[in-house]
Amino acid sequence: MFEDQWRQTNCDYTVKVGYNWIVDDGIDVTWYPWIKNRLLLPKHNFFICLVAHNRLLSQDRLVRMQIATCNRCLLCDDGEENIDHLFFQCSYSQQCVRLIEDWLQICLPLQGIIDWWLHLRERSLLKKQVVATAIAQLMYLIWHARNRCRLEYVLPSPASLFKQVKETLLINLRGRKLVIGANATREWINCVCPNCI
Ligand SMILES: [Zn+2]
């Protein structure tokens, strides 16, 4: 696992390290705003870097490496498990995204990471960062749900993943000094994240 290789370097992971890693490797610029998001916790930032580098050992890769024989998605039992399916097309993941949308009062297209960022481009910086943080946390939890399903045959409910995303994000935001900007953003943040400002 790449995460294990990183631990062996004894380096502390930081947003700057992750960003330089992405830039140095010439990864698609699409990922830059996700990696540079200052609200992301290091473990979520690191996970997004792994996704951007295509380092996750999804079932399609395991089959190609002849480590596994079945590439079926365990979360929905309907379709091949690859990165696009897992985070954007899987009915399980879509249920999780719908809960995030309801909470954050947004509507995200399901085509992929590029469309998500384009869809947010007209929003304030804080709103973009909050939404991107929630989505990154969700992707991290979807991957862990997939691993749990694979190893323990237990699938957490979409509601339980959403609850974890919301709780983690609220704690994260309440511990920061937020730059609010326009009144519309202030009203929005007061509504979705009470007591954050
Ligand atoms: Zn699926």
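For segment 92-138, how many residues meet the condition of being outside any loop (DSSP other than H, G, I, E, B) and at pLDDT below 75? Number satisfying all stated conditions: 8. Counting only residues that are among the hydroxyl-bearing types (Ser, Thr, Tyr) and either crowded, with 18+ Cβ neighbours inside 10 Å or within 11 Å of the ligand (Cβ to nearest atom) (or both), segment 49-73 holds 1 of them. Please state which of the following conditions residue 177 fails to meet, knowing it meets all the rest: (1) in a loop (DSSP other than H, G, I, E, B); (2) farther than 21 Å from residue 42 by Cα. Just one mismatch for residue 177, condition (2). Restricting 27, 22 to residues that are modelled with pLDDT under 65, in contact with a helix residue (DSSP H, G or I) (Cβ under 7 Å, 6 or more places away or on another chain) and not in a helix (DSSP H, G or I) narrows the list to 27. Note on segment 74-89: residues that are near the ligand (Cβ under 6 Å from one of its atoms) and in contact (Cβ under 8 Å) with a residue 24 or more places away in the chain amount to 1.
The values are calculated or read from the model by the stated rules, or taken from the named source; none is laboratory data. Just so it is clear, the model here is predicted, and its values are computed rather than measured. Note that we place each Cβ from the backbone using ideal geometry, even for glycine, and neighbour counts take in every protein chain shown.
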